[in-house]
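A quick write-up on the structure given underneath.
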Amino acid sequence: MMNIKQQQTIKFVLLCFFSIIGVFFYLQTGGTIEKAIFIYLGFWILSRLHMIAIHKWLGHNEIEVNWIGRIFFLWVLVSCCLVKPLHYIVCHRLHHKYSDTERDPHANSLGFWNLLIGNLRIPKNSYVHLKDIFDKKDIIFVNRYYYYLYILNLACFWLIDPHIVMLSFLFLNLKILVNTTLFNYLTHGGKHGTGPINLPIWTVFVFGYFGEHKHKDHHINTTKYLNRISGENKYTT
């Protein structure tokens, strides 16, 4: 079975390939600039919802949603296809616990390219609390069948309009991967890896992560979230 590093690297290569192929066939099948802009705006909204779902809902358990919201957020996670939910939660909580150290899964010391292709560091003999996640069977189900659900979702998009699928790889999946990697890289000091920093307010309009530009403040305040989600169930690497 492939580990998270292998899965992410293979996915990055496939997304680059299908992004090129998708744009080519979009143009060959009568796709217009106007329609591409419309599809891009739809994916832009979806990617903003993705940050709420994967970061605030799963990563930090900051918000609660009813069963309708849970189904919607899980669909958003599958559509955007950044990473399996449990993989993200484990890496993100380890990142907060060991931020910018040799035990940080995606410390800047690994280099931007390694971070982009998913060549992360999975520290041994570390643990994070996951009781809040193990209690949610729907998340475990989606995590287990994540890529199957992603392909099923693509089929649904295709039935609506094949052009949505053709542009989804570039405008949604690859864009989110690059955007998220670059944002985290910059908010931790770039190649110098100086630690969490706050970015200027105008960067909100570049990345679209509203409120997340105050990344240093976010790291300072994260302790209360980690304490709240602590429990008996732990994930040990």
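Figures for the structure shown
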{"item": "Listing of helices (runs of 4 or more DSSP H) fully contained in the stretch 33-138 that carry 3 or more residues being of a type outside the set (A, V, I, L, M, F, W, C) and either modelled with pLDDT of 90 or more or closer than 28 Å to residue 191 by Cβ (or both)", "result": "33-51, 67-80, 85-97"}
{"item": "Checklist (1) over 16 Å from the mean Cα position of the chain (by Cα); (2) buried (at least 17 other Cβ atoms within 10 Å of the Cβ); (3) more than 22 Å from residue 61 (Cα to Cα); (4) not hydrophobic (A, V, I, L, M, F, W, C) applied to residue 219, failing item", "result": "(3)"}
{"item": "Matching entry among 56, 97 (being under 17 Å from the mean Cα position of the chain (by Cα), closer than 27 Å to residue 219 by Cβ and among the basic types (Lys, Arg))", "result": "56"}
{"item": "Residue check, residue 13 surrounded by 14 or more Cβ atoms within 10 Å (Cβ to Cβ), within 24 Å of residue 147 (Cβ to Cβ) and β-branched (Val, Ile, Thr)", "result": "no"}
{"item": "Selection within the stretch 1-25 - modelled with pLDDT of 90 or more and touching a His at 6+ places or on another chain (Cβ under 6 Å)", "result": "none"}
{"item": "Test: residue in the stretch 195-216 that is farther than 18 Å from residue 43 by Cα, of a type in the set (Phe, Trp, Tyr) and in contact (Cβ under 8 Å) with a residue 24 or more places away in the chain", "result": "no"}
{"item": "Every residue from the stretch 113-138 that is hydrophobic (A, V, I, L, M, F, W, C) and more than 16 Å from the chain's Cα centre (by Cα)", "result": "113, 122, 128, 130, 133, 134"}
{"item": "Residue in the stretch 117-136 that is at positive phi, surrounded by fewer than 20 Cβ atoms within 10 Å (Cβ to Cβ) and not basic (Lys, Arg) present", "result": "yes"}
{"item": "Qualifying position, being more than 18 Å from residue 160 (Cα to Cα), out of contact with any Phe, Trp or Tyr (no Cβ under 7 Å at 6 or more places or on another chain) and of a type in the set (Gly, Ala, Ser), among 42, 31, 69", "result": "69"}
{"item": "Residue check for residue 55: closer than 20 Å to residue 130 by Cβ and in contact with a Ser or Thr (Cβ under 9 Å, 6 or more places away or on another chain)", "result": "no"}
{"item": "Count of residues meeting criterion [assigned to a loop (DSSP other than H, G, I, E, B) and within 30 Å of residue 35 (Cβ to Cβ)] in the stretch 147-200", "result": "1"}
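For (1) modelled with pLDDT under 80; (2) under 27 Å from residue 14 (Cβ atoms), each residue gets a yes or a no:
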{"residue": "147", "(1), (2)": "no, yes"}
{"residue": "155", "(1), (2)": "no, yes"}
{"residue": "165", "(1), (2)": "no, yes"}
{"residue": "176", "(1), (2)": "no, yes"}
{"residue": "182", "(1), (2)": "no, yes"}
{"residue": "186", "(1), (2)": "no, yes"}
{"residue": "197", "(1), (2)": "no, no"}
{"residue": "200", "(1), (2)": "no, no"}
{"residue": "221", "(1), (2)": "yes, no"}
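The values are calculated or read from the model by the stated rules, or taken from the named source; none is laboratory data. Bear in mind the structure is a predicted one, so any value in this text is a computation, not a measurement. Glycine also receives a Cβ, built like all others from the backbone with ideal geometry; neighbour counts cover every protein chain displayed.
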